[in-house]
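Below: the structure, in structure tokens.
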Amino acid sequence: MRIALCNEVLDPMPFAAQCAYAAELGYDGVELAPFTVSGEPHRMPDWHRAELRRAATDAGIVITSLHWLLVTPKGLSITSPDDAVRARTVDVMRGLVGLAADLGASVLVHGSPAQRQIADGETRETALARATECFAKAAEAAHAAGVTYCIEPLGRSETPLINTVAEAAQIVDAIASPALRTMIDASAAGQTEDVPVAALVDRWLPAGRIAHVQVNDRNRRGPGEGDDRFAPVFAALARNGYRGVVAVEPFKYLPDGRACAARAIGYVRGILEAQAPGG
């Protein structure tokens, strides 16, 4: 498995510097939050795409994945009652699929809780149906582009829609696209699931539903900076043959982003070395 750093941890450091620093720390790649590099990332010109990819290549790493997809442009929603808003949102989703492919990323992680709320006076079923329709269109684009689009379950404090891996898997199964999967965010899973993260891995990875993993503590800090223990998670990933990306995604950077990134990779690499044969 490859270990990536979510690049917003090092924002506002220039992207090339982010890549260089992540590589120096021992990360295999960066997971890009598109809003950190463009106000309209779905319309990013070719020269800018080439510049970002070259920055990673020059540092000796790769852009593994994209996340925080719908932060910008403003006004997006996959559950809006307004057909025009949803159409514009789908246009952005399709554009980001193309961006991911151009950057060499293999996965897009659709979290964006503010853009999947239930409108006043509407039911959860109506909102979920609208979201499912949008995901189906994104999956079609992802399949054509050769990338995987992942629905991210998030905590109930962030969104009332799609809070568990099981709920996301229902959408994945309903759409039945080879390019649509779900993923595990350790912080969200620790807050919402009724089993430990390692048990989620054991249940859903062999079933073919999981295509990405993010590691972070329930306290919103990096792995190793709270009470959650990640050795069982990495052991579960290894015994189930996971060969994808594990992205380090803290939300609180203490004492700062650079230190947080350094502490996280040391913790993760320590676990992997201890679990390696002869470790």
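Using a Förster distance of 45 angstrom, determine the FRET efficiency expected from the C-beta separation of Glu167 and Leu272, and round it to 0.05. Efficiency computed from Cβ-Cβ geometry: 0.90.
The slack between Arg229 and Ala207, meaning 0.36 nm per residue of separation minus the straight C-alpha distance, is 5.5 nm.
Amide H contacts for Asp185 (H built 1.01 Å from N in the peptide plane; partners 5 or more residues away or on another chain; cut-off under 5 Å): Gln214.
Only sites in a loop by DSSP and with at most 16 other Cβ atoms within 10 Å count here; which chymotrypsin sites (Phe, Trp or Tyr not before Pro) in the stretch 205-279 make the cut? Walk me through the numbers on the way to the answer.
Details: sites: Phe230, Phe234, Tyr242, Phe251, Tyr253, Tyr267; in loops: Phe230, Tyr242, Phe251, Tyr253.
Taking the stretch 205-279 and a limit of 16 other Cβ atoms within 10 Å, the loop chymotrypsin sites (Phe, Trp or Tyr not before Pro) found are Phe251.
Backbone geometry of the stretch 250-267 corresponds, through the Karplus equation with coefficients 6.51, -1.76 and 1.60 at θ = phi - 60°, to 3J(HN,Hα) couplings of x, 10, 10, 10, 10, x, 7, x, 4, 5, 4, 4, 5, 5, 5, 5, x, 5 Hz, x marking Gly and Pro.
In debye, nearest 20: dipole of the chain around its Cα centre with unit charges on the Cβ of K, R (+) and D, E (-)?
Details: 27 positive and 33 negative charges, 66 e Å.
With Lys and Arg at +1 and Asp and Glu at -1, about 320 debye.
Annotation for Arg156 and Lys74: the two label points, set 7 Å from Cα along the Cα-Cβ direction, are 3.2 nm apart. Extending 7 Å from the Cα toward the beta-carbon at both Arg239 and Asp46 defines two label points whose distance is 5.0 nm.
Rule-based calculations on the coordinates, nothing more; no lab input. Given the structure is predicted, the values throughout are model-derived calculations rather than measurements. Note that each Cβ is placed from the backbone with ideal geometry, even for glycine, and that neighbours are counted across all protein chains shown.
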